[in-house]
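The values are calculated or read from the model by the stated rules, or taken from the named source; none is laboratory data. Small disclaimer: the values here were computed from a predicted structure and weren't measured. A quick note on method: Cβ atoms are made from the backbone with ideal geometry, for glycine too, and the neighbour counts reach across all protein chains shown. Remember, those area values only see protein heavy atoms, side chains included, never the ligands or the DNA or RNA. Shrake-Rupley method; radii C 1.70, N 1.55, O 1.52, S 1.80 Å.
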Amino acid sequence: MADEVIQERVSTGIRGLDEMLKGGFFKGTANVVSGKSGTGKTIFGTQFLMEGLNKGETTMCIITSEESKSLVREMQSSFGWDLDGLVKDGKLVFVDITDPSLRLQKSVEIAPTELIKSFKKLIESKLEEIKPDRVFIDSVEAMFLAIESNYKLRTLIDDVFGVFRKREVTALVTVGSMFGLDEMVEYGADSVIKLGREIIGSNLQRTVYVMKLRGSGTINEVRVLNISDSGMAVLPQSPYLEK
């Protein structure tokens, strides 16, 4: 009988979430975090990078909707995470819309499929140059929303995700809940974490659950997601139990 191959796990950096994932993400996979605006997707992705940095890994953050300095400022003021210092130390690399090879700010001049193809080439080039262990993309709406054909969209999503799998890079990608795009992106992912907000009685409660994790069991529960000065943590309780 052949020995069982045990695939390496990668910690999310979110306390309590690795337990729900039965050990974390699998190394070399494309993982999606989805949810409406304001549910904490960017914080989640940044904390995922911070976990890698704390373990001595090289990380890369690709931002498609704003300049990296906005994220750097927000994470410093909210959680004391010195991303700027990590960039200067060569441990974290940002790629954002100010990069001339990405040109998302002029995307109206480029056919959507060509934009995504050049985005894929940019990722391949940066992965080859930087050789990161973890990559965070925040977010993919700016590119994929313009694709009208669902078949073409699925193919392009698979192409982008395949870049990370081929190079054994663990990627985290955020996507907003809009126009069904999140469902298309989630379909091609190796794992999907759903973030939300619920009104329970008179309280507004953040929620998290694991929608899927290919090749592994998960804890199939909706749990409370707490954001404090130190970042995110999953609490071992249901948001639906009123006190």
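Computed over protein heavy atoms with a 1.4 Å probe, the carbon and sulfur contribution to the accessible area of region 163-236 reaches 47%. Relative protection proxy for 15-21, 167-173, 233-239, 43-49, from highest mean packing down: 43-49, 167-173, 15-21, 233-239 (other beta-carbon atoms within 10 angstrom). Close amide H contacts of VAL173 (hydrogens built in the peptide plane, cut-off under 5 Å, sequence separation of 5 or more or a different chain): ASN31, VAL32, VAL33, ILE137. If you take all other residues with their beta carbon under 15 Å from the beta carbon of LYS152, and give Lys and Arg +1 and Asp and Glu -1, the sum is -1. If both residues of a DSSP beta bridge must be in the chain, then about 45% of such bridges are antiparallel.
Grab the other residues whose beta carbon is less than 11 angstrom from that of VAL234, score K and R as +1, D and E as -1, and report the net. In short, 0. Across q = 0.24, 0.25 Å⁻¹, region 114-211 modelled as identical point scatterers on its alpha-carbon atoms has Debye log10 I(q)/I(0) values of -1.36, -1.44, in the order of the q list.
Summary of the geometry: region 153-170 and region 38-87, compared by the centres of their Cα atoms, lie 22 Å apart. Label-to-label distance for LYS55 and ILE227 is 2.4 nm, based on points extended 7 Å past Cα in the beta-carbon direction. Axis of helix 150-166 versus longest Cα principal axis of the chain: the two differ by about 80°, to the nearest ten degrees. Output the 0 to 90 degree angle, nearest 10, between the alpha-carbon long axis of helix 112-130 and the longest principal axis computed from the alpha carbons of the chain. Value to nearest ten degrees: 80.
Amide H contacts under 5 Å for LYS36: SER177, restricted to partners 5 or more places along the chain or on a different chain, H placed in the peptide plane at 1.01 Å from N. For region 161-243, the equivalent ellipsoid derived from the alpha-carbon gyration tensor has semi-axes of 27, 15, 13 Å in decreasing order. In the context of the full set of protein chains, residues of the chain present 50 Å² of accessible surface per residue (probe radius 1.4 Å, heavy atoms only). The amide H of LYS22, built 1.01 Å from its N in the peptide plane, has ILE219 as neighbours under 5 Å, considering only residues 5 or more places off or on other chains. Could you name the aspartates and glutamates whose alpha carbon sits less than 18 Å from that of LYS117, not counting residues in the same chain fewer than 8 places away? Cross-link targets: ASP96, ASP99, GLU109, GLU128, ASP138, GLU141, GLU148, ASP158, ASP159.
Across q = 0.18, 0.23, 0.29 Å⁻¹, region 32-72 modelled as identical point scatterers on its alpha-carbon atoms has Debye log10 I(q)/I(0) values of -0.58, -0.89, -1.16, in the order of the q list. Computed extension gain for GLU168 through LYS152, at 0.36 nm per residue and net of the alpha carbon distance, reaches 3.3 nm. Among the listed pairs LYS88/LYS120; LYS22/LYS126; LYS55/LYS121; LYS27/LYS131; LYS69/LYS194; LYS69/LYS91, a Cα-Cα separation exceeding 22 Å is found for LYS88/LYS120; LYS22/LYS126; LYS55/LYS121; LYS69/LYS194. With the simple model of a label 7 Å out from the Cα in the direction of the Cβ, ILE219 to TYR187 spans 3.1 nm.
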